[in-house]
Structure formats: C-alpha cells, structure tokens
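Below you'll find the structure, written out as structure tokens, and then a few comments.
The values are calculated or read from the model by the stated rules, or taken from the named source; none is laboratory data. What you see is a predicted model, and the numbers here were worked out from it, not measured in a lab. FYI the Cβ positions are ideal-geometry reconstructions off the backbone, even for glycines, and counts take in every protein chain you see.
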Ligand SMILES: C[S@@+](CC[C@H](N)C(=O)[O-])C[C@H]1O[C@@H](n2cnc3c(N)ncnc32)[C@H](O)[C@@H]1O
C-alpha cells in the first residue's frame, strides 16, 4: 500500500464539463498552478494553500476542486477500510465536526455499490475518531465541515477532500428558474472562448439579444470587471477543515474585493434583450443579486427589433438561443434563426458574434459563415459554439 503524506505543495484537481479542459487549464495556469495537466473532464495541478484558495474563488469554469489526500490499492473491502484508516483524521476534523462522503467506483469487482462504498469509508473515519476521542463526527450531507470523495478506478482508490463543498457553478446570484438556462461555468467558458476578456479591455460592448435569466450577461460583467465568481458564496468545502488558514483566506478575499471595486467602476456597456416579460424580471433580479444593479441594461424586446444604440461601442453579441429540440419546435426555431440572421446583417456590421447552438442545421439559417465551430456540452447535450464577425463578405 502506498500512502503519500500531505505535501506543502498540494496535489489538486479541478473538475469541469467535458470539452472545457483547455480553457480551465489556461485559467489555472494564469492563477499560478504548477505542473498543470489536462485530463478527461478536469485539470490536475499542484499548488500551495493560497493557490488552492485562489482556484476555488477565481476559477470561472471549474465545477469542483478536490485536494488529493492519498491513493492506495483496493482489492477487497478490507483494503478500502484500512486505506482510509491510514490517514490521521484528527488532522482534518474534530470529533464533534460533521462530514459527508461521496463514493464512485469503476471496474472494481470488490466494491461496485457506491452506497456500500461510502458507508465503509464513513465507518473507517468514524471508528478511528471514536477509538481516540470517545466521540464521533456526525454526518451532514448538506454543508458538512469536510466532504470526502473516494474515486475507485480499477484497483486504485483516490481519496480527496472537496475544497469547493458545493459545485462552483453556483455563484449565489441565480434563484429564479426559467426554461433552459445554461450553467454559470458554461456561460463563462463561452465568453472566454469568444475572446470577451480582450474585447472588454478594449472597451467593446456586450449584448445578449435572447438573454433569458441573464447568465451570460452577469458572467460577462464578472469577467470584464475582474470580479471573482466565488466572491458572493458563503460556503466552501475548506471553511470547516482543520487545516484551513483563516488569515490567508482573508487576504485572498480582500484582494478580490479590492479588484472588484476597481473593476466595477470601469465596466463596459452590457445589455440584454428578451421577448418574455417574466424572463426579463428574472434577469433583473439576478443582476441585483450579483451586486450589479445599474451596470447591466435589460429590455423586453423581440429579436426582430434588436439594434444597438449609437453610443454603444461595437463589441460582442453572445447568445444561447432556443435549440428547437422538442418535436414541432424546429420550424419555429428556423424562423427565429432567420430573423436573428437578418437583424445581425442589417444592424450589427463590425460586431463579433458567439452563439451556442444545439442543432447545427439551425445555424445555417443565419446565412452567415462562421469560423470552425467549437464543441461544448450543455449538460449531456453536445453543442457547437459558432463564432463570426458581421461583415458582408461572410454573408
Ligand atoms: C435558452 S434561453 C436563454 C437562457 C439564458 N442563456 C440563461 O442562462 O438564462 C432562450 C431565450 O430566448 C428567448 N427568446 C425566444 N425567442 C425570442 C425572440 N423572438 N426574441 C427575443 N427573445 C427570444 C426566450 O424567451 C428565452 O429566454
């Protein structure tokens, strides 16, 4: 059995939806991650505690950040129990703290029931603590002091501590559900892939003419304003961890707060339209929740009437239009894409466009040639990100 002690340079892994690994790797490198390696649905990297905190607070495209505690061989149920007990759990939590365990298994005949696996891991931790302190940590699946992940693949178990605690796409500003919203980390990936960071730095505007609940606009403002996406979250997986360093975390937070204040005063024009009144109300609420009231303009407007005010500098049109997925919707969607194409050609010369579509056939209805599409996944659905500049030569 091979157990690695916790190094000062932690072994970290940032998870992300499939096809977003490249953009996440760029983010982690920019944040100072060492030995950054793209893996399937994630990025492995090394970093000290400050780097781990920054990744949790600043990564826009990650879902979770587990910190590897150990890896060991598992050929039997007892191996799993023993492997977990090799860790000194008193270094990670107190006997009166709480914990949650998530377990997944692939190709391991000894343990293929995830519920049983999670139970075994919890027993190993609880038994060790009870034997030493005569008291045992309780289980809290919602917001535990620490959340443990065990990933069993073939004969190897990877044991990690979930630093995120809750999926990092939950920034805390979205509360009203509308039909077909996109996740915040996918929205950020679309904007980063579309070159929004640079367009915003050059003073370009951002317009989402079918903005729904405003996810792309809020994420766009966070990017343009140099605002950490995790700044409003009140829970992270490391806050109840025994090795959490409150003073260090506070310096990371203070720095983010300062950058936010400077960024907020320099935001470019950010505008959204949607045809639906309730959706417009949801977008306005989310903008307020994100602390961006007055910084993003929203209007109830149909795509056929989309236009830019003269005072708005040309910039990026970003959009997640309806996919026309359901039976009978396709014809309606075809008309919508046709109208969208017409509006773009007539009134947005010189603007750049990035749109995520679920049905490439509908993309042709725009009547504008795009660059090579980029594959992204909206949940399980494979989508294409189309990017083009509105220029007569590409009509
Ligand atoms: C897939 S949703 C966008 C979701 C958004 N990205 C979010 O995360 O909340 C598509 C939006 O397009 C809007 N829409 C559909 N047809 C429209 C039209 N003709 N003009 C303007 N908006 C339209 C719908 O009301 C809906 O909110």
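Here are the numbers for this structure:
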{"quantity": "Test: residue 345 is within 22 Å of residue 365 (Cβ to Cβ), more than 16 Å from the ligand (Cβ to nearest atom) and surrounded by fewer than 19 Cβ atoms within 10 Å (Cβ to Cβ)", "calculated": "yes"}
{"quantity": "Residue identified as more than 16 Å from the ligand (Cβ to nearest atom) and in a loop (DSSP other than H, G, I, E, B) among 240, 177", "calculated": "240"}
{"quantity": "The range 309-339, subset within 12 Å of the ligand (Cβ to nearest atom), free of Cβ contacts under 8 Å to residues at least 60 places away in the same chain and part of a loop (DSSP other than H, G, I, E, B), residue surrounded by the most Cβ atoms within 10 Å (Cβ to Cβ)", "calculated": "324"}
{"quantity": "Flag if residue 125 is surrounded by 18 or more Cβ atoms within 10 Å (Cβ to Cβ), away from the ligand (no atom under 16 Å from the Cβ) and free of Cβ contacts under 8 Å to residues at least 60 places away in the same chain", "calculated": "yes"}
{"quantity": "Among residues of the range 199-213, those that are within 20 Å of residue 352 (Cβ to Cβ) and assigned to a loop (DSSP other than H, G, I, E, B), counted", "calculated": "7"}
{"quantity": "Within the range 290-308, considering residues that are part of a strand (DSSP E or B) and more than 11 Å from the ligand (Cβ to nearest atom), the one farthest from residue 272 (Cα to Cα)", "calculated": "297"}
{"quantity": "Qualifying residue in the range 225-237 (condition: within 16 Å of the ligand (Cβ to nearest atom) and either outside the structural domain of residue 67 (by TED's automatic domain parsing) or under 20 Å from the mean Cα position of the chain (by Cα) (or both))", "calculated": "yes"}
{"quantity": "Some residue of the range 361-369 being within 12 Å of the ligand (Cβ to nearest atom) and either in contact (Cβ under 8 Å) with a residue 12 or more places away in the chain or under 22 Å from the mean Cα position of the chain (by Cα) (or both)", "calculated": "no"}
{"quantity": "Any hit, the range 50-72, residues being touching a residue at least 40 places away in the same chain (Cβ under 8 Å), over 19 Å from residue 171 (Cα atoms) and part of a loop (DSSP other than H, G, I, E, B)", "calculated": "no"}
